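Trainee: Input: one structure, supplied below.
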């Protein structure tokens, strides 16, 4: 059934308003902090300030920085030191793409330090927002605790999550996600961006979340979660909504 033209226009306006609210401020702020401050400080003074960490072991093209986000007491960001616009960057699907998600998981130690205690893997998650749900034009992975209700829902439905993408039979923060499980060993080798199975042109709509998990046989792993921005559902593809930005 064709939707009335005025309805299409109204939805487009709502989408534009939501997008403009999301993109307030300087969209290049993260890139400037990393490129103009953290990397030079690391190279010249062996001090990553204002970042918590700068890793250039394989050069800037393969490096990354970890920065405390201004929102929330425990949220950190992993930011590549190479210019990458976001989840839609074709370089993320290359065979030699750096393991940004695996590095972000290792950086959870900064979250624990800020929380002043060790945290179970099920409490933590990594999130990349879609092009329509982000405020910055440089790829960044949010590292923080999951909302308690998200953690509980994933635990309750763990047995329904298999090794291939399937729609999760429970909403998370009001959205329906596809889910698949992956072992910790496979996660370290795999490229979660490539696991979405999407061509670069379609990647911009996706938001990708990796939630820490312990499977039924007590082996460690992750539940990968995928949602797509959708105009009609007013869904901006904002996987960060699954995080609490507080580990209280």
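Rule-based calculations on the coordinates, nothing more; no lab input. Bear in mind the structure is a predicted one, so any value in this text is a computation, not a measurement. Glycine also receives a Cβ, built like all others from the backbone with ideal geometry; neighbour counts cover every protein chain displayed.
Trainee: Based only on other Cβ atoms within 10 Å, what is the fewest-to-most ordering of 130, 89, 135, 118?
Mentor: 118, 135, 89, 130
Trainee: Which order do 34, 39, 161 fall in if you start with the one that has the fewest other Cβ atoms within 10 Å?
Mentor: 39, 161, 34
Trainee: Also, I was wondering about something else. Restricting to Cα pairs below 8 Å that are 6+ residues apart, what does the relative contact order work out to for the chain? Please round to a whole percent.
Mentor: Once divided by the residue count of the chain, the mean separation gives 21 percent.
Trainee: How many angstrom separate the Cα center of the stretch 212-233 from the Cα center of the stretch 111-150?
Mentor: Taking the Cα centre of each part, the stretch 212-233 and the stretch 111-150 sit 13 Å apart.
Trainee: Measure off 7 Å from each Cα along the Cα-to-Cβ vector at residue 233 and residue 248, then give the distance between these two points in nanometres to one decimal.
Mentor: A separation of 3.0 nm, rounded to one decimal place.
Trainee: Here's a follow-up. Quick one: 217, 227, 47, fewest Cβ neighbours within 10 Å first, how do they rank?
Mentor: Ranking 217, 227, 47 by Cβ neighbours within 10 Å, fewest first, gives 217, 47, 227.
Trainee: Using 0.36 nm per residue of separation minus the Cα-Cα distance, give me the extension gain between residue 216 and residue 117 in nm, one decimal.
Mentor: 33.1 nm
Trainee: Apply the a/c threshold of 1.5 to the C-alpha gyration tensor of the stretch 60-106 and tell me whether it is rounded, prolate or oblate.
Mentor: Because a/c hits 1.5 or more and a/b exceeds b/c, the stretch 60-106 counts as prolate.
Trainee: Moving to a separate point now. First measure r as the distance between the Cβ atoms of residue 56 and residue 93, then evaluate 1/(1 + (r/R0)^6) with R0 = 25 Å and state the FRET efficiency to the nearest 0.05.
Mentor: About 0.60, to the nearest 0.05.
Trainee: Report the normalised scattering of the stretch 24-242 as log10 I(q)/I(0) at q = 0.16 Å⁻¹, calculated by the Debye formula with identical scatterers on the alpha carbons.
Mentor: Each listed q maps to, in turn, -1.11.
Trainee: Once you have the Cα-Cα distance between residue 152 and residue 169, take 0.36 nm times their residue separation minus that, and quote the gain in nm to one decimal.
Mentor: Gain on extension, residue 152 to residue 169, equals 4.8 nm.
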